[in-house]
Amino acid sequence: MAKWGKCSFDGLKDLQKRLERIEQEELSRFMEDCAKDLARRLLTMVIMRTPVGDKPEYDGDTEEDREWYDKYWGGYTGGTLRRGWTAQTHEEAAAGEGKPTAAEILEYADGLKISRMGSVYTIEIINPVEYASYVEYGHRQQKGRYVPAIGKRLVKNWQPGRLMLTTSEKSIKGMAPKLLEKKLTKWLEEVFA
C-alpha cells in the first residue's frame, strides 16, 4: 500500500476562524460605507457640474430702469440650485451662501438613508429646488416671450438640459468597480491581518 504522507490543516482552521470573524453585520457595514463613499463622490461631481446663474450688469439710463433692475436683481445671490444638492428644502438652499464645502458634502452624505433590497444597497439623492428637473433635462419655452427677470425675449422653443446629474452618474458607474475593488482589498487585508 502507498503512503500518503502527512498533512496539516492548521492553516485551513486559521482561515475558517478569520472568515467567521467577518460577520454579516460587519459585511453590511462595509457595504454601507462603500455606498456612502460613492454618494460623496457623486455629490462632489454633480455640484461642480451644476450651473450658477450670473447677475446681469446694470445697463439702464433712467430711474425707471434702475427701479426695475433693483426689483428683479437687487437681492440676487445665485447658487441656489448648487446648494440644493445638500439641502433638505428649497428655502434652505436659497438661504445659504456659496457652494457646499467638502466637509458639508461629507456630513450630508453620511446622513443619507441607505435602503437595502436583497444584495442591492440604494441611496437616493434629491435636489429639492423646484426647477432642478428643468435644468437637468431641459424645458419648453414660448419663443418671443419677454422675460423681465432676464430682461430679454426668448429666442428658442426648447432650452436643452445641462444633464449634471446624469453625466455624474455615468462617471461614477465607470469609476465604481476600481474604487470598490481597492476598498475591498484594503478591508480584506485588515480582516486577515
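The values are calculated or read from the model by the stated rules, or taken from the named source; none is laboratory data. Keep in mind that what you see is a predicted model, and the values were worked out from it rather than measured. Quick reminder, even Gly has a Cβ in these numbers, built from the backbone with ideal geometry, and neighbours come from all protein chains shown.
Go through (1) at pLDDT below 95; (2) over 30 Å from D14 (Cα atoms); (3) not basic (K, R) one by one and return the number of the condition T185 breaks.
Against the list (1) at pLDDT below 95; (2) over 30 Å from D14 (Cα atoms); (3) not basic (K, R), T185 comes up short only on (2).
What pairs come out if I take residues in the stretch 119-141 that are in contact (Cβ under 8 Å) with a residue 12 or more places away in the chain and pair them with residues that are acidic (D, E) whose C-beta lies under 8 Å away, six or more apart or interchain?
Going by the 8 Å Cβ cut-off, the qualifying pairs are Y121/E32; P128/E92.
List the number of the failed condition for A95; all other conditions in (1) at pLDDT below 90; (2) surrounded by fewer than 12 Cβ atoms within 10 Å (Cβ to Cβ); (3) farther than 19 Å from A149 by Cβ hold.
Going through (1) at pLDDT below 90; (2) surrounded by fewer than 12 Cβ atoms within 10 Å (Cβ to Cβ); (3) farther than 19 Å from A149 by Cβ one by one, A95 breaks only (2).
Restricting attention to the stretch 126-155, which residues are surrounded by 13 or more Cβ atoms within 10 Å (Cβ to Cβ) and either in a strand (DSSP E or B) or over 23 Å from the mean Cα position of the chain (by Cα) (or both)?
First, the residues of the stretch 126-155 that are surrounded by 13 or more Cβ atoms within 10 Å (Cβ to Cβ): 127-129, 131-139, 141, 151, 154.
The answer is G138, H139, Q141, G151, L154.
List, please: which pairs have Cβ atoms under 7 Å, are six or more places apart or on different chains, and start with a residue in the stretch 152-170 that is without any contact (Cβ under 8 Å) to a residue 24 or more places away in the chain and end with one that is hydroxyl-bearing (S, T, Y)?
Listed pairs, sorted by first residue: R153/Y146.
For the stretch 39-68, which residues satisfy the criterion of being in a helix (DSSP H, G or I), over 20 Å from Y108 (Cβ atoms) and either touching a strand residue (DSSP E or B) at 6+ places or on another chain (Cβ under 9 Å) or in contact (Cβ under 8 Å) with a residue 12 or more places away in the chain (or both)?
Passing the criteria: only W68.
Results for (1) under 14 Å from A35 (Cβ atoms); (2) of a type in the set (F, W, Y), shown as yes or no for each residue.
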site	(1), (2)
T101	no, no
V120	yes, no
E124	yes, no
Y131	no, yes
N157	no, no
R162	no, no
L165	no, no
G174	no, no
F192	no, yes
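Among (1) touching a Ser or Thr at 6+ places or on another chain (Cβ under 8 Å); (2) of a type in the set (K, R); (3) free of Cβ contacts under 8 Å to residues at least 24 places away in the same chain, where does R82 come up short?
That leaves (3) as the condition not met.
Can you find a residue in the stretch 156-168 that is touching a Leu at 6+ places or on another chain (Cβ under 7 Å), surrounded by 15 or more Cβ atoms within 10 Å (Cβ to Cβ) and modelled with pLDDT of 95 or more?
So in the stretch 156-168, the residues touching a Leu at 6+ places or on another chain (Cβ under 7 Å) come out as 168.
After this cut, where a residue has to be surrounded by 15 or more Cβ atoms within 10 Å (Cβ to Cβ) as well, the list is 168.
If we keep only those that are modelled with pLDDT of 95 or more too, we end up with 168.
Checked the stretch 156-168: at least one residue is touching a Leu at 6+ places or on another chain (Cβ under 7 Å), surrounded by 15 or more Cβ atoms within 10 Å (Cβ to Cβ) and modelled with pLDDT of 95 or more.
Go through the residues of the stretch 21-38 one by one and say whether even a single one is surrounded by 12 or more Cβ atoms within 10 Å (Cβ to Cβ), out of contact with any Ser or Thr (no Cβ under 6 Å at 6 or more places or on another chain), at pLDDT below 95 and not in a helix (DSSP H, G or I).
Within the stretch 21-38 (the criterion being surrounded by 12 or more Cβ atoms within 10 Å (Cβ to Cβ), out of contact with any Ser or Thr (no Cβ under 6 Å at 6 or more places or on another chain), at pLDDT below 95 and not in a helix (DSSP H, G or I)), the answer is yes, since at least one residue qualifies.
Give just the number: which of (1) in contact with a His (Cβ under 8 Å, 6 or more places away or on another chain); (2) surrounded by fewer than 16 Cβ atoms within 10 Å (Cβ to Cβ) does G84 not satisfy?
Answer for G84: the failing condition is (2).
Scan the stretch 139-153 residue by residue and report those that are more than 30 Å from L43 (Cβ to Cβ) and modelled with pLDDT under 90.
Scanning the stretch 139-153 gives Y146, V147, P148, G151, K152, R153.
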